[in-house]
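The values are calculated or read from the model by the stated rules, or taken from the named source; none is laboratory data. It should be emphasised that the depicted structure is a prediction, and the values quoted were computed from it without experimental measurement. Cβ sites come from the backbone with ideal geometry, for glycine too, and all protein chains shown count toward neighbours.
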Amino acid sequence: MKQVWLRFGVAAVAALPAGAARAADAVVPQQQRPAYVAPARPYDIVLEIGAGAASRPAYEGAKDYKFSPTGFVVLHKLWLPGYGVVKDGRTTRGLSFGPSFRYVPKRDSNDYAELRGLNDVDAAYELGGKVSYTFGMIRPWVAVRYGLGGHHGVVGETALDFIFRPSAVTEFTIGPRASFASAEYMRTYLGITPTEAARSGLRTYDPDGGIKGAGAQITGRYEFTPEWSLVGSLVYEKLVGDAADSPIVQVGNDDQFTAKLGLTYKFGLKLFDN
């Protein structure tokens, strides 16, 4: 019986094609894995916009405060062709750039007894940029803007933020800050011409540009979802130098507080193909 099975096996092997026999002896190579391809950039720009309410001095150097609607616009991420990432949200190190703007409401001098006789000042829009450098929990930054409308001066702020992130959805910053302004801005909001002095009874005043104030800022953020957040800030500024010496401030207050609270929505846009 053994001889029968032996003869059958030899015949079966002999019947295999030569190529198949060689393939049986070879090691079958593993299928090569495709090279890793990084996911395409989902967005070139990520913006956060929102609305809320603010309490701020009625005008520069005022002792009275007013509530008004306010807006929030934050640039979280920006990618540009040929440059790469200009700004990236919660980065822990590196240089970043972004826009800076501020709206200054109209000053109607007839609304305030201490300003009677002074010129009205139209609403102004300040447009400019902001640059910061983050290393760990420390972020120094400076913002510079140019005014359009009510004034045509140059203004800005510089600050040192200390960043605290207790969780993935909360962020707080606190730190000192200072503001500066050109002579054109200072004369528009804090200066008094001879004509205005004659009408108001305040002395003539012609301030120079320079450091306008110093103080501190606290900001906070809580993200309900990746898109929706509650944001707020509190800024204290002590007017100094030529700003504090203005008769407008001396009949008002050199301690200035601004508080904001609002709800924001974050979204991304794809701007470039590559």
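Count of region 100-132 residues, restricted to those that are modelled with pLDDT of 95 or more and hydroxyl-bearing (S, T, Y), is 1. Residues satisfying the criterion are present in region 118-128 (criterion: closer than 26 Å to K238 by Cβ, within 13 Å of the chain's Cα centre (by Cα) and surrounded by fewer than 19 Cβ atoms within 10 Å (Cβ to Cβ)). Selection over region 184-214 of residues that are on the phi > 0 side of the Ramachandran plot and surrounded by 14 or more Cβ atoms within 10 Å (Cβ to Cβ) gives a count of 1. When R187 is tested against (1) more than 25 Å from R102 (Cα to Cα); (2) without any contact (Cβ under 8 Å) to a residue 60 or more places away in the chain, only condition (1) is not met. Taken over region 52-99, the residue count meeting the criterion of being in a loop (DSSP other than H, G, I, E, B), at pLDDT 90 or above and charged (D, E, K, R) is 3. Of the residues making up region 233-251, those that are buried (at least 17 other Cβ atoms within 10 Å of the Cβ) and in contact with a Leu (Cβ under 9 Å, 6 or more places away or on another chain) are S233, L239, D242, A243, S246, P247, I248, V249.
Of the set (1) in contact with a Ser or Thr (Cβ under 8 Å, 6 or more places away or on another chain); (2) more than 19 Å from Y205 (Cβ to Cβ); (3) surrounded by 15 or more Cβ atoms within 10 Å (Cβ to Cβ); (4) among the small types (G, A, S), all apply to G150 but (2).
Rundown of residues vs (1) surrounded by fewer than 18 Cβ atoms within 10 Å (Cβ to Cβ); (2) within 21 Å of the chain's Cα centre (by Cα); (3) free of Cβ contacts under 8 Å to residues at least 40 places away in the same chain, yes/no style:
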site	(1), (2), (3)
L115	no, no, no
Y133	yes, yes, yes
G136	yes, yes, no
A143	no, yes, no
S167	yes, yes, yes
F180	no, yes, yes
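Residues in region 121-138 that are among the charged types (D, E, K, R) and in contact with a Phe, Trp or Tyr (Cβ under 7 Å, 6 or more places away or on another chain): E126, K130.
Evaluate region 105-113: report whether one residue or more is assigned to a strand (DSSP E or B) and either more than 23 Å from G213 (Cα to Cα) or basic (K, R) (or both). Yes, there is a match, as at least one residue in region 105-113 is assigned to a strand (DSSP E or B) and either more than 23 Å from G213 (Cα to Cα) or basic (K, R) (or both).
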